[in-house]
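Asker: The structure that follows is given in the form of structure tokens.
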Amino acid sequence: MSPDELHLQMRNLRDEDYPQLKGLMDVVYDDIGGAWEEHTIRKLMKEFPEGQICLEDGGKIVGVALTVKVTYDRFSNPHRYDDLLGKKETILNEKDGDALYGLDVLIHPDYRGYRLGRRLYDARKELCMQHNLKAILAGGRIVNYHKYANELTASQYLEKVHRREIYDPILTFQLANDFSVKRLLGKYLPEDKKSKGYATLLEWNNFLYEPSETFITARSRNVRVGAVQWQMRSVESVEQMLQQVEYFVDALSSYKSDFALFPEFFNAPLMGLTDQSQQMEAIRFLAGYTDLFKREMSQMAVSYNINIITGSMPLQEGDSLYNVSYLCRRDGSVDEQRKLHITPHEKSDWVIEGGDKVQVFQTDAGRVGILICYDVEFPELGRLMADEGLEILFVPFWTDTRNAYLRVRHCAQARAVENECYVVICGSVGNLPQVESLDVQYAQSSVFSPSDFAFPHDAVMSETTPNTEMLMFSDLNLDELRYLHHEGSVTNLKDRRTDLYDVSRKFNF
């Protein structure tokens, strides 16, 4: 049969389909008793109609997938096929079950080779996601094991199938469809002589599964980020600058942003209020306002119902000076991330020291991290954060030339691809000749995504006009990341060769 002769349609089984279903099961399951009784199938279709799926070609049923709901904790542990059965050859379907159990997938022998089984498996996965169930479980026969039983244990057989040294028509297919083998089940189906009674307990995890939560505590799957491409301008007082900050926070909040990001050292114009002849003294003068800015911006986060990443500011502790960014959550809590890698300018002119920890922060709109400017050029940091479930990376930066900016930009894009996360970069623009080190700025703030079909073709979600003060917004779908982690064209996080290399911390933070 040539492919152009096929007229395939997928639908749910109906009562009148039983004669065709019986004929198909008798052909495929001739070695283990053939078809289920008619009352068994009718009861299954009545209790869980959407779980019984068929493929037909011009009215002829050529493929079927039968499915029930079960309790995950019960059937993800050792069990037998009989545990799925009730009285009078009925199949138990748990109405409030939190997982699917794949009973059967059958393809007519004349229609094998067209990947129809994959279509049925994909339909079952879609059903699992639509019903927000934890996983699909199945007991998989190992029908070629009888050929090797005299020389291999069942466990050795599974290992060789996994390594593709042995082909098993059922297990090989299931492994190719992203199912994993949880364990070997003994005496699962004793009458299955081909499998010697063994089966594999297979599992496909629903990566979109969300536990039941109330509306208030449930995290939104869509997140809006906002950034301020900040104009460096002269100020006459700290109050004037705080008014400017509040203006932008108010504007971002009005557009329902979940996050507001400011640039690195955005409040540096305050150094113009003191003597510029000694840069070390000027930066410490600026550090004297950091507690005030942290306190005021935390209050804004609560008042305007928006999470604020405060760009960065100098923080003095004893004789030491750090470059620190604060995460001011809208619930009033505050966390900090210190810059770890210090630029030559910061070291020589300001004597700034590097911090000693990197972390991922839980917020009401996803798991986020902060890397200040130069830090994003060191891939190990992003790798550590990705291991902790990073979804959005915020990068406040401060660059004076285009080539300096491009270092930040290109490295940020690399972090988005290799760590399968969103990256938001935000810088300042303009010039302020009367303040040392602020004579020129270059920035184009941007939001980067991984590079795959679900995202823009150039992996740029949003970007500003270069060197112009403005606001930037971007809507991010966190579920697209979760899908990418499991079903992407490439899966960087999953495919890392940790048997060859790894990134580890020298200290536990």
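The values are calculated or read from the model by the stated rules, or taken from the named source; none is laboratory data. Everything numeric in this text was worked out from a predicted model, so none of it was measured. Here the Cβ is made from the backbone with ideal geometry for all residues, glycine too, and neighbour counts use every protein chain on show.
Asker: Quick one: which residue in LEU152, LEU127 is free of Cβ contacts under 8 Å to residues at least 40 places away in the same chain and on the phi < 0 side of the Ramachandran plot?
Answerer: Selected residue: LEU152, the only one of LEU152, LEU127 that is free of Cβ contacts under 8 Å to residues at least 40 places away in the same chain and on the phi < 0 side of the Ramachandran plot.
Asker: Continuing with this model, one more query. Mind listing whichever residues of the range 238-262 are among the hydroxyl-bearing types (Ser, Thr, Tyr) and crowded, with 24+ Cβ neighbours inside 10 Å?
Answerer: Listed by number, the list holds a single entry, SER257.
Asker: Oh, and also: What tally of residues in the range 102-116 results from selecting those that are within 16 Å of LEU44 (Cβ to Cβ), at pLDDT 90 or above and either surrounded by fewer than 18 Cβ atoms within 10 Å (Cβ to Cβ) or out of contact with any helix residue (DSSP H, G or I) (no Cβ under 6 Å at 6 or more places or on another chain) (or both)?
Answerer: 2
Asker: If you don't mind, there's one more thing I want to ask. Can you tell me which residue within the range 118-138, out of those that are within 21 Å of TYR29 (Cβ to Cβ) and in contact with a helix residue (DSSP H, G or I) (Cβ under 6 Å, 6 or more places away or on another chain), is surrounded by the fewest Cβ atoms within 10 Å (Cβ to Cβ)?
Answerer: Among them, the one singled out is LEU137.
Asker: Could I ask something else about it? Quick one: how many residues across the range 228-254 are aromatic (Phe, Trp, Tyr) and over 15 Å from THR464 (Cβ atoms)?
Answerer: So the answer is 1.
Asker: Just to be sure, is PHE285 under 30 Å from TYR483 (Cα atoms) and buried (at least 16 other Cβ atoms within 10 Å of the Cβ)?
Answerer: So PHE285 does not fit the description; no.
Asker: Tell me, please, whether a residue that is at pLDDT below 90 and loosely packed, with under 13 Cβ neighbours inside 10 Å can be found in the range 419-438.
Answerer: Scanning the range 419-438, I find at least one residue that is at pLDDT below 90 and loosely packed, with under 13 Cβ neighbours inside 10 Å, so the answer is yes.
Asker: Looking at the range 56-63, is at least one residue within 20 Å of ARG141 (Cα to Cα), crowded, with 18+ Cβ neighbours inside 10 Å and modelled with pLDDT of 90 or more?
Answerer: yes
Asker: On to the next question. Given the criterion of a type in the set (S, T, N, Q) and without any contact (Cβ under 8 Å) to a residue 40 or more places away in the chain, identify the matching residue among ASN93, ASN132, ASN77.
Answerer: ASN77
Asker: Listed residues VAL245, VAL228, VAL249; which is outside any helix (DSSP H, G or I) and aliphatic (A, V, I, L, M)?
Answerer: So the residue among VAL245, VAL228, VAL249 that is outside any helix (DSSP H, G or I) and aliphatic (A, V, I, L, M) is VAL228.
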